[in-house]
Amino acid sequence: MSHNAVQRFLFKELNIRGQHIRLEDSWQAMLKDRHYPQAIVKLLGELTAMSVLMANGMKHKGKITLQVQGSGPITLLVVEVTHDLKIRGVAKTNRTIENETSLDELLGDGQILVTMENIQTQHHFQSYVSREGDSIAESFETFLSQSEQLPSKIWLSADENNIGGVLIQKMPETDGQDEDAWDRVVHLTTTVKDEELTTLPAEELLHRLFHEEVIELFEGQEVVYECPQDRGRVEDMLKSLGEAEVRKVLEEQGEIVIHNEICNFHMRFNQEDIDALFAKDSDTLQ
């Protein structure tokens, strides 16, 4: 199993379900050349883990976007995850982060917004996640407990090499089978260390935490970083600005440089590129 996977599991005798996530290569690819300070790496990583846990098992084609617009030194965090678990994301700051560590210090009164997009129906669902406690995990525990009507507990950890996380949810039948089960499982999971979350594969971690429980671990779903340099989309955007406007910018700047922030690449268009772009257009008009 690759170290870039999210896996579902079930406490078979307790009717408690869960997910385990651990990302390595895909997370490192998302951070490549970003040079984020530790505080951003941690927050963006936790948000990325959370978005994958929510996207795993989407019933339709689409994507989930988690976005935080902050009023602290971190002004923006965005993570997108598609139904087939392709991730990308970015963080933006307006000043150097010095010793701020708490959510309040880093984000001010920034809001967390969840957008779920269904490509088939072209439908968007948006919802704010109220900031609870001082962590991404606590905020989403409350959100999932309310939106899915299932008590939920979340443990997340992230550093520049790995992301790890565990989500457990209490199903409606849990108490009928064992009324102590939920408290016991929560108590056991609370002993998990950050290092265990970020370095241990699902099987090993679950065995370490719950070796006396009967657990079914389902096959993992691979999570990949994907940020294609889609030149066609950028060309369409330039065309939509109109030839006169584009040529004016080209004249002023010598070339047109488009910076894709979420994917962290630059696309350059010189005189020849622009001539060719609008020549193609005039050919199709004739």
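The values are calculated or read from the model by the stated rules, or taken from the named source; none is laboratory data. The structure presented is a predicted model; accordingly, all values stated were derived computationally and were not measured. We place every Cβ from the backbone using ideal geometry, glycine too, and count neighbours over all the protein chains shown.
Residues in the range 178-185: is at least one touching a strand residue (DSSP E or B) at 6+ places or on another chain (Cβ under 8 Å), in the same structural domain as SER51 (by TED's automatic domain parsing) and within 21 Å of GLU132 (Cα to Cα)? No: the range 178-185 contains no residue that is touching a strand residue (DSSP E or B) at 6+ places or on another chain (Cβ under 8 Å), in the same structural domain as SER51 (by TED's automatic domain parsing) and within 21 Å of GLU132 (Cα to Cα).
Rundown of residues vs (1) in a helix (DSSP H, G or I); (2) in contact with a strand residue (DSSP E or B) (Cβ under 8 Å, 6 or more places away or on another chain); (3) at negative phi; (4) assigned by TED's automatic domain parsing to the domain that holds GLU80, yes/no style:
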residue	(1), (2), (3), (4)
GLU212	no, no, yes, yes
LYS239	yes, no, yes, no
GLU245	yes, no, yes, no
LEU250	yes, yes, yes, no
VAL257	no, yes, yes, no
CYS263	no, yes, yes, no
HIS266	no, yes, yes, no
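When HIS83, HIS123 are checked against the criterion of being surrounded by 12 or more Cβ atoms within 10 Å (Cβ to Cβ), more than 23 Å from GLU261 (Cβ to Cβ) and not hydrophobic (A, V, I, L, M, F, W, C), HIS83 stands alone in meeting it. Scan the range 164-187 residue by residue and report those that are in contact with a helix residue (DSSP H, G or I) (Cβ under 9 Å, 6 or more places away or on another chain) and under 18 Å from ARG8 (Cα atoms). Matches in the range 164-187: GLY164, GLY165, VAL166, LEU167, ILE168, GLN169, LYS170, THR174, TRP182, VAL185.
Each residue in the range 27-50 was checked for being polar (S, T, N, Q) and touching a Gly at 6+ places or on another chain (Cβ under 8 Å), and 1 of them qualify. Criterion applied to GLN7, GLN28 was being surrounded by fewer than 20 Cβ atoms within 10 Å (Cβ to Cβ) and within 17 Å of the chain's Cα centre (by Cα), and the one residue passing it is GLN28. Per the conditions (1) under 18 Å from PRO201 (Cβ atoms); (2) polar (S, T, N, Q); (3) surrounded by fewer than 16 Cβ atoms within 10 Å (Cβ to Cβ), the sole criterion not satisfied by GLN38 is (1). In this structure, ARG131 qualifies as at pLDDT below 95 and either farther than 22 Å from GLU261 by Cβ or within 17 Å of the chain's Cα centre (by Cα) (or both).
Does at least one position in the range 226-236 carry a residue that is surrounded by 12 or more Cβ atoms within 10 Å (Cβ to Cβ) and within 30 Å of HIS20 (Cα to Cα)? Yes, the range 226-236 contains at least one residue that is surrounded by 12 or more Cβ atoms within 10 Å (Cβ to Cβ) and within 30 Å of HIS20 (Cα to Cα). PRO73 falls short of the stated requirement of being outside the structural domain of CYS263 (by TED's automatic domain parsing) and surrounded by fewer than 18 Cβ atoms within 10 Å (Cβ to Cβ).
Pairs meeting the criteria (first residue in the range 3-32 and on the phi > 0 side of the Ramachandran plot, second residue β-branched (Val, Ile, Thr), beta carbons under 9 Å, at least 6 apart or on different chains) are ASN15/THR174.
Among residues of the range 160-174 that are outside the structural domain of MET50 (by TED's automatic domain parsing), none has a beta-carbon under 8 Å from a residue that is among the aromatic types (Phe, Trp, Tyr) and surrounded by fewer than 24 Cβ atoms within 10 Å (Cβ to Cβ) at least six positions away or on a different chain. Flag: GLY110 does not match the condition of being surrounded by 22 or more Cβ atoms within 10 Å (Cβ to Cβ), of a type outside the set (Asp, Glu) and in contact with a Ser or Thr (Cβ under 9 Å, 6 or more places away or on another chain).
Per-residue answers, yes or no, for (1) under 17 Å from the mean Cα position of the chain (by Cα); (2) modelled with pLDDT of 90 or more:
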| site | (1), (2) |
| --- | --- |
| GLY72 | no, no |
| ALA91 | yes, yes |
| GLU105 | no, yes |
| MET116 | yes, yes |
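Going by what's in this entry, would GLN177 be described as modelled with pLDDT under 95 and within 17 Å of the chain's Cα centre (by Cα)? When the stated conditions are applied, GLN177 does not pass them.
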